[in-house]
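Presented below is the structure to which this report refers.
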Amino acid sequence: MLHQISGGTSSIELYEDYLIIKPSNVQKLNGQTKTIPLDSVVTISIVKPFLKVPYLQVITPNLETSKKDNLKGADANVVLIQPGRMKTAEKIRDYIASYKSGQTKRSAPSASGGSIDDLRQLAELRDSGIITPEEFEAKKKQILGL
């Protein structure tokens, strides 16, 4: 295990090419442990809401959420960042970003450079506020091979 962070209703364990999101004991009745290959991570964000506890969220293609959803904790791929743990959260985020950029360099772009469906899905994530416009633009460039 490279890094681990826990807080609130879930925890994340980061390994070389995958991560595990586990519900806390409080959420175990509803949540499920998820193993997510880093190849399938769309983006990872540290969200710092005003006057609330910051959190780390891992966005995957099958995570369909909006601001109105009731997904919480492990079900939403979210871990609250407790005081003093921001550096660990940043290391997890930076490792996954570095892994993803290395993956882009390793894999040759397809003839079309990417899928229109991928772009549509990203636009939906951006429009629902799950990813920032900056994250959308970075991923769009990656998909288009720019």
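The values are calculated or read from the model by the stated rules, or taken from the named source; none is laboratory data. Remember, it's a predicted structure, so these values are computed and weren't measured experimentally. Here the Cβ positions follow ideal geometry from the backbone for every residue, glycine too, while neighbour counts run over all protein chains shown. Areas reflect the complete protein model, heavy atoms only, side chains present, ligands, DNA and RNA absent. Shrake-Rupley method; radii C 1.70, N 1.55, O 1.52, S 1.80 Å.
Looking only at region 126-144, decide whether some residue is surrounded by fewer than 14 Cβ atoms within 10 Å (Cβ to Cβ), at pLDDT 85 or above and assigned to a loop (DSSP other than H, G, I, E, B).
No, every residue in region 126-144 fails to be surrounded by fewer than 14 Cβ atoms within 10 Å (Cβ to Cβ), at pLDDT 85 or above and assigned to a loop (DSSP other than H, G, I, E, B).
I'd like the full set of residues that are outside any strand (DSSP E or B) and modelled with pLDDT of 85 or more, limited to region 39-51.
Step one: list which residues in region 39-51 are outside any strand (DSSP E or B), which gives 39-42, 48-51.
39, 40, 41, 42, 48, listed by residue number.
List pairs: first residue in region 86-106 and under 19 Å from residue 3 (Cα atoms), second residue at pLDDT 90 or above and open to solvent by 40 Å² or more (accessible area, probe 1.4 Å) anywhere in the structure, Cβ distance under 8 angstrom, at least six positions apart or on different chains.
Short answer, once both residue conditions are applied: 88/3; 88/4; 91/3; 92/3; 95/2; 95/3; 99/17.
Given the options 20, 36, name the one that is touching a Leu at 6+ places or on another chain (Cβ under 7 Å) and either at pLDDT below 85 or among the aliphatic types (A, V, I, L, M) (or both).
Details: 20 fails: touching a Leu at 6+ places or on another chain (Cβ under 7 Å).
Answer to the check: 36.
Among what's in region 92-106 and is modelled with pLDDT under 85 and open to solvent by 60 Å² or more (accessible area, probe 1.4 Å), pick the residue that is nearest to residue 139 (Cα to Cα).
105
With 89, 74 as the choices, which residue is at pLDDT 80 or above and either under 26 Å from residue 121 (Cβ atoms) or open to solvent by 80 Å² or more (accessible area, probe 1.4 Å) (or both)? First the steps, then the outcome.
On the way: 74 fails: at pLDDT 80 or above.
Sole residue among the options that is at pLDDT 80 or above and either under 26 Å from residue 121 (Cβ atoms) or open to solvent by 80 Å² or more (accessible area, probe 1.4 Å) (or both): 89.
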